[in-house]
Amino acid sequence: MPKATDTLATRVQERAAREPAFATVLEAILEAPTADSRELTHVAARQVNDVRRQQVLHEFREGSLSTAEVRGRLGRSSAQSVHVLRSRGQLIGRTIGNATWFPAWQLQGGGLRDDLPRLLEALGRFTDDAVAADRVMRLRRDELGGKSLVAALDDSKRAATAWNLLGALGS
């Protein structure tokens with residue numbers, strides 16, 4: 001809670017120092033045209049969405065494996081063989097720039113999860129986007145005792161609830 005003696009400028013400066021995303025939005029606002037307030041709102045909203053999108057993609061990459069890493073873990077001879085799995089819907093991934101990233105939770109031990117076809121089928125009823133599917137799988141949920149779906153699937157006490165939640169996707 002700000003102190004009564006804090007000026008708006010001081011509060012803005014302190015928050016911008018703490019939160020780089022906030023500073024980015026402020027910069028966009030300062031560069032926006034001032035003649036039309038609707039344009040200012042549009043510019044600010046676009047900037048906020050861009051920052052959020054970049055954060056989501058960063059989180060996705062942090063929890064994912066590169067094509068080379070997947071190839072190595074699966075013992076495949078080529079990157080193309082990994083992309084064949086993706087094209088057949090046996091593995092999900094997202095190309096970002098010149099690299100393709102695959103959510104790490106799809107692999108277990110030295111291979112694909114045994115329940116991966118069932119998982120991908122459930123997720124496919126909700127989305128065909130690997131980033132969205134990854135977010136669904138890794139988001140911590142109160143109904144799973146603070147665990148993510150992927151963690152709950154490996155927990156015998158919570159697996160049934162996790163499968164019920166997955167079954168409800170897209171409905």
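The values are calculated or read from the model by the stated rules, or taken from the named source; none is laboratory data. Predicted model only: the values in this text are computed from it and were never measured. With ideal geometry, Cβ positions are generated from the backbone for all residues, glycine too; neighbour counts draw on all protein chains shown.
The rows are residues; the columns are (1) at pLDDT 95 or above; (2) surrounded by 19 or more Cβ atoms within 10 Å (Cβ to Cβ); (3) assigned by TED's automatic domain parsing to the domain that holds Val150; (4) farther than 21 Å from Gly167 by Cα.
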| site | (1), (2), (3), (4) |
| --- | --- |
| Arg86 | yes, no, yes, yes |
| Phe102 | yes, yes, yes, yes |
| Asp128 | no, no, yes, no |
| Arg138 | yes, no, yes, no |
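Could you identify the single residue in Arg113, Arg94, Arg52 that is within 25 Å of Leu165 (Cβ to Cβ), surrounded by fewer than 13 Cβ atoms within 10 Å (Cβ to Cβ) and under 21 Å from the mean Cα position of the chain (by Cα)?
Matching residue, one of Arg113, Arg94, Arg52: Arg52.
With Leu144, Leu153, Leu119, Leu169 as the choices, which residue is more than 20 Å from Ser64 (Cα to Cα) and crowded, with 19+ Cβ neighbours inside 10 Å?
Testing whether each residue is more than 20 Å from Ser64 (Cα to Cα) and crowded, with 19+ Cβ neighbours inside 10 Å leaves just Leu144.
Can you tell me which residues in segment 60-81 are touching a residue at least 12 places away in the same chain (Cβ under 8 Å), touching a helix residue (DSSP H, G or I) at 6+ places or on another chain (Cβ under 9 Å) and farther than 14 Å from Gly110 by Cα?
Phe60, Gly63, Ser64, Thr67, Ala79
Kindly indicate whether Gln55 is in a helix (DSSP H, G or I), within 30 Å of Leu8 (Cα to Cα) and at pLDDT 85 or above.
yes
Let's see how each residue does on (1) over 20 Å from Val56 (Cα atoms); (2) over 17 Å from the mean Cα position of the chain (by Cα); (3) among the basic types (Lys, Arg); (4) part of a loop (DSSP other than H, G, I, E, B):
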{"site": "Glu121", "(1), (2), (3), (4)": "yes, yes, no, no"}
{"site": "Asp128", "(1), (2), (3), (4)": "no, no, no, yes"}
{"site": "Val131", "(1), (2), (3), (4)": "no, no, no, no"}
{"site": "Arg135", "(1), (2), (3), (4)": "no, no, yes, no"}
{"site": "Glu143", "(1), (2), (3), (4)": "yes, yes, no, no"}
{"site": "Ala152", "(1), (2), (3), (4)": "yes, yes, no, no"}
{"site": "Ala160", "(1), (2), (3), (4)": "yes, yes, no, no"}
{"site": "Asn164", "(1), (2), (3), (4)": "yes, yes, no, no"}
{"site": "Ser171", "(1), (2), (3), (4)": "yes, yes, no, yes"}
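Please go through segment 70-118 and give me each residue that is assigned to a strand (DSSP E or B) and in contact with a Ser or Thr (Cβ under 8 Å, 6 or more places away or on another chain), ordered by number.
Arg94, Ala99, Thr100, Trp101, Phe102, Pro103
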